[in-house]
Structures are given as C-alpha cells and as structure tokens.
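First comes the structure, then the notes that go with it.
Bear in mind these aren't lab numbers, they're just calculated from the coordinates by the rules spelled out. Since the structure is predicted, the reported quantities are computational estimates derived from the model, not experimental observations. Virtual Cβ from ideal backbone geometry, glycine too; neighbours counted across all protein chains shown.
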Amino acid sequence: MRKLVPGVDVVARDLRQRVRAALAGRRDEVRVGRYTLGERLGVGGMGVVFRGRDPVLERDVAVKLIPLAASRSPDAMLREAKAMAKVVHPNVVEVFDLGVTDTELFIVMQLVEGQSLRQWLDTSPSYHERLRVLRDAGRGLEAAHRMGVVHHDFKPDNVLISADGEVFVIDFGLAALSEEDTLETAGAAEVYQRDVGGTLGYAAPERCAGNKGDALCDQYSWCVSAGEVLYGAVRSADQTFSALSPVPQVGRVPLRIRRALERGLRTQPTARFERLTPLLRALDTGWRPSARLALLGVFGVLVGSVALLSGGQEPPRRPSVVRTGIPRIDLHARLQLGGAWDQAGDVENALAVLEALYPVAASEHEARIATKAATTLVWLHWWEKHDAPAARRWVKQGEAALDAGGDDLDAGALYYNAGATEVSAGELDAGRSHLETALAYDEGERGPGDRSAVATMLSLANLDLLQGDYEVAEARLDAAQGYIPESARDLLENVESLRASLLLKQARYGEALRAFAAVVDYSRDSGGIPLAYALANQSRALGIVGRVEDARAASAEGLAIIDDTLGPMSVRAVHPLSVLAEQNHRLGNFDEARVQASRAVVILESEYGADHAELAGPLHLLGQVALEQSRPRQAAKALQRSVALRKQHGARPAATAATLMELARALHSISSERALAAAEEAVEVLERGGLDSAKARGVVADISREP
Amino acid sequence: MRSDYEVLLAWRDGDSDAADELIHRYFDPICRFFRSKLGDDVDDLIQRTFLDCVKAHERFRGEGSFRSYLFSIAHHRLFDHLRATRRAPDFDSLTSLSVRDLGTTPSGAIVRSEEYSLLKDALDELPLEHRVVLELSYWEEMSAPEIAVVVGIPPNTVRSRLSRARAALRSKLESLEADPIQRGAQLEALGRVTGRLIAD
C-alpha cells in the first residue's frame with residue numbers, strides 16, 4: 001500500500017539547510033543537478049527561485065524550482081519549459097538549462113541583478129524611461145508570441161530591471177504549467193480564481209472566466225501594467241484613463257497612447273489589437289531628443305527655410321480644395337517651396353528640403369517646426385507620391401515632435417493628413433480614428449467654427465458616406481454648413497458636393513441631379529481638377545437615372561479638362577480616369593472604358609512599376625470590360641493580376657472577393673474547375689473577413705450546376 | 001542512542017551537535033506540517049518552532065511523546081501566524097476556515113502522484129481542524145492520545161473529530177471529482193486512508 005506521505009524535494013532540502021545553519025551553525029550544500037543553490041531570491045505561487053552556481057561554466061545563475069504537478073507527467077512539463085527556452089531575445093531572460101529531479105522541475109536561467117519593475121517605480125523614473133521600459137518589456141512579450149509562447153501572468157513583478165537599466169521579462173508560460181491540472185480536476189471558474197495561474201487584477205476578463213489564456217490576454221495584462229506605470233494606479237474594469245491623472249513624472253499621456261491602451265483593455269479579446277506590435281509602436285517615439293545632426297552641407301539651404309518657418313507670422317488657415325479631401329499644408333512651407341508642387345520635379349525638392357529640415361528642427365528642440373515639417377511630409381508622401389507607408393512613418397515623426405513639446409494647435413493638421421492617408425489607402429477605420437483625433441484637437445484648440453475644424457468635419461462626412469452612415473453624414477454636413485461663411489467658396493463647394501453624393505446614395509435622384517448640376521456650375525469658376533471631379537460625379541448620377549447621352553457628355557468634358565490641366569501622363573489623372581472609365585462601363589461605352597482604364601494602368605505602371613496597389617482597380621475594370629466584349633482570356637489575365645495585387649497589398653475582403661467573382665465569371669467559359677476555385681476562394685475571403693458570402697455562394701452554385 | 005529529551009537538554013546547554021541531531025530527527029514532519037498549509041516560505045516558522053521547543057523544555061519535562069510536544073508547538077505557531085496575517089480574530093473561527101478560505105498557496109510538492117491530486121484539493125477545502133487531524137493521523141501516524149496533545153483537546157474529541165473529518169473528506173471528494181474513473185481511484189485512496197485510520 002503506497003502511503004500518501006510527501007516526498008522530500010529540493011525546497012525541503014534547502015529549508016532544512018537554512019534551519020540547520022540558523023540553529024546549529026552548520027550547513028550542507030544543496031544541489032540540483034550540477035548547480036549549487038545559494039540564497040533564496042523569491043517565493044512565488046509557482047515555485048521558488050534561488051541564486052545558484054554553475055561549477056562547470058563557473059558562473060552565477062538563477063535556479064527556479066517547480067514542483068512536479070500531480071496530474072502532469074514530467075515530460076509534459078519539460079516540453080512546456082523547453083518552449084519557453086526557445087524564446088531568445090534581449091528582453092527575455094535566457095534559459096540555460098532544464099532538468100527534472102524526483103520531485104521538481106528545475107529551470108536554470110540568466111541571473112539578473114536588479115529589481116522588479118514594481119520596485120523600480122519607487123525610484124520615480126522619468127516619463128521617457130517609463131515608456132522605454134514598457135516598450136522593452138513589450139518587445140520581450142512580442143518575441144515570445146512570435147515563438148508561440150504565451151506568458152499568462154504578465155505584471156510588474158515579472159519584469160526585472162538590471163542595474164544597467166536592461167529590461168527582462170521573467171516567469172514565462174509558467175502559469176500554464178500548473179493551470180491545466182487545476183482546470184482538469186475541478187473544471188470550475190472558482191478554482192482558477194484561487195490558483196496561481198494569473199494574478200487577478202492583471203488577468204484578462206476571459207481568463208478569469210476560466211478560459212485558457214493566449215497572446216491577447218498578455219496584451220491585456222501588459223496594458224494594465226502600462227496603466228500602472230503611467231498613472232500609478234491599476235485601472236478598474238469600467239474606468240477609462242481620462243478619469244485618472246498621470247503620475248507627476250509623466251505629466252501628460254499623449255492621446256494616441258491612451259487610446260492604444262484603452263483598446264488593449266477591451267473586454268472582448270477580438271476588439272484588442274491583433275498583435276502587440278502596433279501597440280508598441282504607439283509608444284515608440286522614434287525620436288531620440290539627444291541625437292544631434294551635423295548638416296554642414298545642407299545648412300545653407302536650410303537657413304532660409306528655418307528662418308521662414310520660425311518667423312513670427314502665424315500662417316493663415318487655408319486649404320486648397322481637391323476632390324479627395326482638403327489638404328492642410330502649412331502655408332509658410334508652401335510659400336517657401338513656391339508653387340513647386342504643381343510640377344513633379346519640385347515635389348522631390350520639397351521632400352528633400354523638409355526631410356532634411358525635420359531632424360535639424362528636432363535636434364534643436366524646435367518642436368513646432370518639426371511638427372509642421374512632418375505634417376507637410378505626410379501630405380507630400382500621400383498625395384504626391386501615393387506612398388502610404390512613408391506617409392505613415394512621417395505621422396509617427398510628427399507625433400514624436402508633438403510629444404517632445406509641439407503645440408496641440410498643430411496636432412489637428414497632422415492627424416488630418418494622417419487620416420486622409422489612411423482613407424485613401426482604404427483603411428477606413430484607421431482613417432476615421434485619426435480624423436476624429438484631428439477634430440478633437442481642432443475643436444479644442446481652435447474652436448468648432450474654425451476653418452480647419454470644418455474641413456475635418458467634411459472629411460469625416462465623406463467617410464460617413466463611404467461607410468454608409470447617411471444620417472450621420474447629413475447631420476455633420478448641416479453642422480458644418482452652419483459654420484461656413486459665404487466667402488469660403490471652396491468649403492461650400494465641398495459641402496454641396498457631399499450633399500449631392502448623399503442624395504444620390506439615398507436614391508433621391510431628382511434632388512441629387514440638381515445638386516450635382518449646382519456643383520458643376522459652382523466649379524466652373526475655379527475650373528481645373530475640381531471641375532473635372534464635379535463633372536465625373538455628375539456623369540455618374542446622370543448615368544444612374546438613365547440620361548445616357550448627358551452622362552456621356554459630362555464624362556467627355558471631364559476627361560478633356562484632365563488632359564488639358566494635367567497632361568497625358570500625370571499620376572493625378574489616374575483617379576478621375578478610373579471614375580470615368582467606370583462611368584463609361586456603366587453606360588455601355590466599353591471601348592472608351594477600356595481606353596481610360598488602360599491609360600490609368602499605363603500611367604501607374606510607368607510611375608510605380610507593375611506591383612503598385614492602385615493598379616488593382618483599373619485592372620479589375622479592364623477585366624470587366626474585356627468580358628463584356630467577349631474576350632474572356634484577356635479578362636481573366638487582367639483579373640488575375642488584379643487579384644494578385646489585392647492579396648499582396650492586403651486589400652479589403654469585399655474588394656478582393658468582388659474581383660475573384662469577376663474572375664470566376666471570366667474563367668467559366670475557359671475552365672469550370674478554375675472558375676469554381678476562384679468562386680470558392682471568394683466565399684472563403686468573405687467569410688474570413690466576417691462578411692456575408694451569400695452572393696458568392698450563389699456564383700459557386702451556378703458554376704457547379706453547369707458542367 | 002539518546003532519547004529526544006536528552007538531546008533537547010544537550011541543546012539547551014549549548015551543544016550545537018545536539019541541535020543538529022534534533023533537527024535531523026524532526027525536520028521533515030514539521031516542515032510538511034507548515035508547507036502543506038502555508039507554502040514554501042516557512043523556514044522562519046520551522047526555526048521558531050524548534051527554538052520554542054528548546055526554550056520551553058521545562059514544560060515538556062520528558063513526559064509523553066516528544067514528537068507530540070514538538071507538534072503542539074508547531075500547531076500553536078501555525079495559528080499564531082494565521083491570526084497575525086489573516087483577518088480572523090480568534091482561534092475558533094480560524095479552525096473552521098480551510099486553506100482555500102485563507103488564500104494561502106500550499107506547496108504543490110506535498111502531493112505528487114496522480115491519483116492523489118484530487119485528495120489534495122479536497123484536503124485544501126476542509127476546515128483546518130479537520131485537515132490537521134487527518135494529516136497527523138495519516139501522515140504522521142499519530143494515535144488519538146498523541147493528537148490530543150498536539151491540538152489541545154481530549155482524546156475522545158479527537159476520535160469523533162477524525163470520524164467527522166473522514167466523512168467530510170469523502171463528501172468533498174464526491175463533490176469535486178470530475179469523472180467516474182477518477183472517483184474510483186479517489187475512493188480507493190480514501191479506503192486506504194480510512195483503512196489506516198480504522199486500525200488506529
């Protein structure tokens with residue numbers, strides 16, 4: 001009969017030696033494997049950590065002892081511990097050795113001489129130091145997640161900071177080692193609560209309900225910890241950070257950080273960030289104020305711009321109206337660059353000057369100038385170069401400048417441009433987030449009637465239309481119009497144009513047509529691209545109501561203006577060309593549609609190469625037109641390219657699926673199998689994106705029916 | 001071989017070998033007594049138990065079982081510690097609390113083998129007064145009179161408490177177990193436990 005007497009494990013042996021040492025003045029070495037145990041460093045719920053000595057490599061280590069849990073085999077536990085050892089990263093404590101005794105699992109790790117994050121906070125570190133530590137700890141977590149390892153119990157006690165300031169995350173995955181056995185035996189939530197897998201307060205809600213944790217839980221725990229580091233208090237369930245004040249060393253927590261943390265703390269795990277990376281980026285200022293740059297060669301050029309930008313005059317609020325939005329460019333910079341943007345060559349100069357200006361401004365702590373430079377660079381990269389990633393980089397730089405002492409007065413412009421970039425890149429939600437931030441700053445700093453605020457409102461209204469929030473759009477337009485004086489023609493034109501689009505979406509065709517006509521008339525005074533867009537929109541409206549000839553005429557006029565104003569190969573022509581091509585397609589003018597779409601493709605290819613994301617749209621159209629003209633092979637070719645591009649650039653599922661469905665139709669007469677494959681892929685894409693796949697499934701059914 | 005009492009007196013007189021000897025004889029049971037309820041950070045409590053035992057040697061006077069005497073000190077230390085660190089104000093209310101209620105983190109090393117994992121969980125949920133008598137009886141193989149000395153109650157009370165404790169353990173196991181196979185194993189283990197206790 002086996003008796004239930006506890007075995008003598010290493011911890012007991014160590015306890016015995018301590019008591020002997022204290023009471024009898026003698027002590028034997030306690031060894032685990034080849035390692036000698038020294039001072040006990042800590043006792044946690046999971047096990048005990050000792051300082052240890054490796055006699056072979058002659059170095060000090062940390063030895064963690066975990067009792068072999070009752071219902072897990074030693075091999076299973078070793079496997080888990082080995083997974084942890086896989087994570088190799090400067091911010092994760094290195095694992096040197098693993099082993100099993102009769103009674104325990106032992107893990108031999110890098111010894112970190114330092115203090116826990118919790119203790120470190122008592123030394124009143126600076127704001128930048130806090131961010132750095134949080135970021136480094138986050139990077140450690142991120143590295144683990146990449147290797148498929150989850151921490152399960154992230155909290156300030158599990159972050160060590162060495163005397164040199166290096167940050168280490170410890171105790172990875174250990175909560176999982178004992179978790180499964182408890183959940184098996186009791187299967188009830190209250191068992192989890194009392195066991196050691198995850199410290200309540202830092203544990204994500206889904207974890208407290210008894211579910212096995214994952215990387216999103218770690219994200220939650222990290223955000224709670226970040227809140228504690230920045231605000232000095234652990235946020236309770238229904239509290240937002242706006243209700244808390246940051247600790248004195250922090251002062252102000254930038255809005256984007258606060259919002260990022262709040263997102264990471266959402267109760268619904270899927271509402272959080274997909275990965276830690278974007279969350280960490282929100283903390284990453286990317287700007288080391290101590291960096292200094294010697295720009296001897298460039299200095300001559302820069303002196304002029306710096307002088308102008310730092311000149312006392314407050315630039316007038318301004319945008320020039322363009323159809324996709326209203327640019328907010330610091331007029332001083334614009335003046336400085338002379339009307340150079342109108343020609344591609346001088347865009348490069350503008351970029352060069354501003355990109356050189358930024359670091360100088362930064363190093364001289366001229367945060368306002370740096371912010372404005374970054375804001376302008378966002379605009380240039382987005383609008384002129386169609387380079388969303390570069391624009392996004394400059395958004396970050398702008399945020400860094402804001403944080404380093406920039407004026408909130410300038411924040412609105414930066415976020416406006418950031419939002420416009422995201423919207424035109426198809427990232428509507430990200431764009432909305434930025435635009436709302438911009439509006440908050442504009443309304444707060446400048447007042448709601450301010451021109452900039454109004455411009456932002458109109459862009460948001462545009463977004464509302466795109467996303468189908470018609471009532472919201474209408475309300476916003478009404479509110480905006482209330483603020484616009486008669487003299488602000490460009491803004492009023494914008495409002496009218498948006499109203500007309502709204503009417504069209506609401507199927508109030510008569511009113512929509514009248515509105516579009518009014519916009520066209522209005523635009524005739526300005527002429528140029530605004531007029532071209534107005535005509536394109538009008539043409540579309542006319543086409544929808546069946547006034548084919550009038551639609552054609554409007555299209556033709558719009559096209560003529562584009563050619564006159566921009567010349568044959570301007571990148572700016574791509575969008576109006578696409579609109580017109582689409583319009584002609586609808587009208588059944590397939591040849592013209594093909595010509596315009598081809599032009600768009602040619603311009604894009606010559607400017608950006610064959611892989612640019614924007615090619616997907618015109619190629620889709622070319623495919624559709626070819627199909628209408630009974631050329632399925634050419635259609636398939638174009639559509640296949642479009643699909644490939646959409647997938648490559650992470651297009652929205654609706655767009656990718658639409659192209660796949662067109663491809664299926666095109667392939668139907670060539671090869672049913674390939675057609676079926678395309679249609680099925682469309683279904684999959686839609687479902688993965690959480691969208692309704694009924695139409696796509698219908699296509700699948702149709703193809704399957706006809707052999 | 002010297003009796004425990006002789007060793008104790010030698011220690012009192014300053015013989016560190018004697019101290020070592022006594023520790024050698026009794027460290028393991030005292031250690032598991034504390035660890036099973038409080039966790040691994042118990043060296044201080046173990047030390048004090050041994051020290052108290054030397055200081056109060058006159059109370060012992062060589063009568064009865066040294067082991068019971070030592071355990072009675074440990075028992076006292078345990079509840080002292082719990083009173084100081086938990087919210088329960090008096091002894092009686094403490095004894096009715098379980099390890100779960102107290103929220104301590106008992107050492108996982110206490111029960112290793114798979115069959116007995118449920119037993120450990122059940123024990124953790126029993127009121128302390130039940131758990132103590134079960135452990136002393138089963139792990140330490142103490143008789144009812146010996147347990148009586150440790151806990152400070154009459155031997156008859158020990159017996160009735162033991163029988164209540166076994167019943168409580170059985171019903172805890174029934175409420176905790178997850179599947180019939182586990183249950184069978186636990187009941188078998190219980191049978192062994194009760195077998196041992198019945199032979200008391």
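Which of the listed residues, B:Leu136, B:Val149, B:Leu169, is farthest toward the dipole's positive end in segment B:131-170, when Lys, Arg count +1 and Asp, Glu count -1 at the beta-carbon? The residue sitting farthest along the positive end of the dipole is B:Leu169. Counting Lys and Arg as +1 and Asp and Glu as -1 over every other residue whose Cβ lies under 14 Å from the Cβ of B:Val7, the net charge comes to -3. Work out the charge dipole of segment A:393-480 with +1 on the Cβ of Lys and Arg and -1 on the Cβ of Asp and Glu about the Cα centre, then indicate which of A:Gly412, A:His434, A:Ser424 is farthest towards its positive end. Comparing the listed Cα positions along the dipole, A:Ser424 ranks first. Go through segment B:19-67 and name the trypsin sites (Lys or Arg not before Pro) that are in a DSSP coil and have 15 or fewer other Cβ atoms within 10 Å of their Cβ. Hits after loop and neighbour filter: B:Arg61.
Summary of packing: across the peptides A:250-258, A:399-407, A:535-543, the per-residue average of other C-beta atoms within 10 Å ranks them, highest first, as A:535-543, A:399-407, A:250-258. Taking every residue in B:38-50 and counting other chain Cβ atoms within 10 Å of its Cβ, the average works out to 5.
Under the simplified labelling scheme, the A:Ala507-A:Ile544 pair shows an inter-label distance of 1.1 nm, with each label point 7 Å from Cα along Cα→Cβ. List every residue whose amide H lies under 5 Å from the amide H of A:Val48, counting only residues 5 or more places away in sequence or on a different chain, with H placed 1.01 Å from N in the peptide plane. Sorted by chain and number, the residues that satisfy this are A:Leu65. Under a 5 Å amide H cut-off, with hydrogens placed 1.01 Å from N, B:Ser98 pairs with B:Leu128 among residues at least 5 apart or on other chains. In order along segment A:256-266, the Karplus-derived 3J(HN,Hα) couplings, from 6.51 cos²θ - 1.76 cosθ + 1.60 at θ = phi - 60°, round to 5, 6, 4, 5, 4, 4, 5, 5, x, 9, 5 Hz, and Gly and Pro are given as x.
Pairs with C-alpha atoms separated by more than 29 Å, drawn from the list A:Lys647/A:Lys695; A:Lys396/A:Lys505; A:Lys86/A:Lys155; A:Lys82/B:Lys172, are A:Lys396/A:Lys505; A:Lys82/B:Lys172.
Amide H contacts under 5 Å for A:Asp387: A:Trp382, restricted to partners 5 or more places along the chain or on a different chain, H placed in the peptide plane at 1.01 Å from N.
Among the GluC sites (Glu not before Pro) within segment A:425-531, those in coil by DSSP and having at most 11 neighbouring Cβ atoms inside 10 Å are A:Glu486.
For segment A:437-453, the Karplus equation 6.51 cos²θ - 1.76 cosθ + 1.60, evaluated at θ = phi - 60°, returns couplings of 4, 4, 5, 4, 5, 4, 5, x, 7, 10, x, x, x, 5, 4, 5, 4 Hz by residue, with Gly and Pro reported as x.
Taken about its Cα centre, segment A:1-111 carries a charge dipole of roughly 360 debye when the Cβ of each Lys and Arg holds +1 and the Cβ of each Asp and Glu holds -1.
The phi torsions of segment A:415-425, fed into the Karplus equation with coefficients 6.51, -1.76 and 1.60 and a -60° offset, translate into couplings of 5, 4, 4, 4, x, 4, 4, 5, 4, 6, 7 Hz, rounded to whole numbers, with Gly and Pro shown as x.
Ranked by Cβ crowding within 10 angstrom, fewest neighbours first, how are B:Ser72, A:Ser116, A:Ser555, B:Ser96 ordered? The fewest-first ordering by Cβ neighbours comes to B:Ser96, A:Ser116, B:Ser72, A:Ser555.
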